[in-house]
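Working notes, structure below.
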Amino acid sequence: MKDDPPIDAPFPFPYKGPSRLQMPVLAALSRVVDPEVALSIVDLGLIYGVAIDQGRARVRMTMTSAACPVADVIVDEVEFELEGLLPAECAIEVELCWEPAWTPERMSARARRFMS
């Protein structure tokens, strides 16, 4: 797709884990859409990092606001997408964090074009 980042573009969030899972994790998280703005959580810059090791996947993420009414829905979707990708014995932990606070500068160029 013409809006996809080039292969050599920087990865949109810190990733630590098996290299074979890096792109599938990105694809899985890109399928999670914030229903309030109709953009993926990756494009919104809500993912602060993913670490996969020793049978555990940890996702650090935020919301655009601490009062986000759909936070539980988004977290459930993150878990659902990763469950479909990772081995059944892999525990998935999603941590909502508020520091650093989300700002529109975290959005991808694609999201900025969509919002303008």
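Details
- The range 90-109: number of residues that are in contact with a strand residue (DSSP E or B) (Cβ under 8 Å, 6 or more places away or on another chain) and charged (D, E, K, R): 2
- Residues (surrounded by 13 or more Cβ atoms within 10 Å (Cβ to Cβ) and among the hydroxyl-bearing types (S, T, Y)) located in the range 101-116: S108
Readers should treat all values here as calculations from the given coordinates under stated rules, not as data from a laboratory. A quick note: this is a predicted structure, and the numbers were derived from the prediction, not measured. In this analysis, Cβ positions are derived from the backbone assuming ideal geometry, glycine residues included, and neighbour counts consider all displayed protein chains.
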